[in-house]
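Student: Before I ask anything, let me first share the structure, which is written out below as structure tokens.
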Amino acid sequence: MEKRKRTLEGPSKAWLVEERRFMRMGIQLIGWVFCIWYEVGWVRGVRADRVVLYAVDGRAQEEKRRAVEGVLRSALLQLGHVVIDAAQCAPDRPQRASEFDGSALACRGDYVVVPAVDPAQGGYRLHLFVGWHGRLETLHTHVDEEGEVERTKEILRAMLRPEGLGRDALRFAEPEDSEEEARRQAEAQEEARKREEARKREEERRRAEEEMRRAQKEARRREEMRRQAQEAKAREEAAWAQRPVFGRDGPLG
């Protein structure tokens, strides 16, 4: 009877050990799969997109620009995005797709949003420039004061996705008139010119500092050589003064 009891208990314990081992392996496997999904982004929505948001520019009053910036920030948060203040990591407003990519890299973001606002009857003209992995999309549209948050959410939802605007561009886009487009291009060219001048001034400043450092280093080297020469001469003179002199120090040798 005792032998039969031990026979029944033995396989049962071994089975429990195997079961626990497989459970641990399953939990570890689930953890690894989740980490891969989070990092690579295989499942959309597992990791929130990081959106680099610039301050609102344009011809609208400063108070209006700040209000629209608040609407954009609120809409992005409601859509589940992480909002990054561009002023903290990439203060220069980008113009070309490569510059948008640079801002995304500097801020560790997924999307880069550069907004501008112009006054319009019953609301405002919203200009959005969105960069994502080498792609730059532009949207010019009218936003009414009433329901602006929902309208903004719809626009951002359509733009902040890997496939971009696509056919939704026809639903939202309202092309600029020729004067407004010319003005915006002139402003962009002027800003690019200022950035280029600032870059050249910075290069000249760095070059002048480097030349000054080289001159100071050369001056220190020459001063060290002069000091060493003076010390060597002083040692020679001291040795000459201390040499034995016949008649003063007695017979030499």
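Student: Find the residue count for region 127-139, including only residues that are open to solvent by less than 30 Å² (accessible area, probe 1.4 Å) and over 15 Å from Leu72 (Cβ atoms). Reasoning before the result, please.
Tutor: Within region 127-139, the subset open to solvent by less than 30 Å² (accessible area, probe 1.4 Å) is 127-128, 130-131, 139.
If we keep only those that are over 15 Å from Leu72 (Cβ atoms) as well, we get 131.
Looking only at that region, the number is 1.
Student: Residue under question is Arg213, and the condition is that it be of a type in the set (D, E, K, R), modelled with pLDDT of 85 or more and within 28 Å of Gly109 (Cβ to Cβ); does it hold?
Tutor: No.
Student: Only one residue in Ala158, Ala106, Ala188, Ala192 is assigned to a helix (DSSP H, G or I), modelled with pLDDT of 85 or more and closer than 21 Å to Ala86 by Cβ, so which one is that?
Tutor: Sole residue among the options that is assigned to a helix (DSSP H, G or I), modelled with pLDDT of 85 or more and closer than 21 Å to Ala86 by Cβ: Ala106.
Student: Taking into account only those residues within region 108-124 that are surrounded by fewer than 20 Cβ atoms within 10 Å (Cβ to Cβ) and in contact (Cβ under 8 Å) with a residue 24 or more places away in the chain, which is farthest from the chain's Cα centre (by Cα)? Show your work before the answer.
Tutor: So the first thing to find is which residues in region 108-124 are surrounded by fewer than 20 Cβ atoms within 10 Å (Cβ to Cβ), and the list is 108, 118-123.
Then drop every residue that is not in contact (Cβ under 8 Å) with a residue 24 or more places away in the chain, which leaves 108, 118-119, 123.
On the way: Arg108: 5, Asp118: 28, Pro119: 31, Gly123: 33 Å.
Per the stated criteria, the residue is Gly123.
The values are calculated or read from the model by the stated rules, or taken from the named source; none is laboratory data. Model, not experiment: these values are computed from the prediction. Cβ: placed from backbone, ideal geometry, glycine included. Neighbour counts: every protein chain shown. These accessible areas exclude ligands, DNA and RNA; they are computed on the full protein's heavy atoms, side chains included. Shrake-Rupley method; radii C 1.70, N 1.55, O 1.52, S 1.80 Å.
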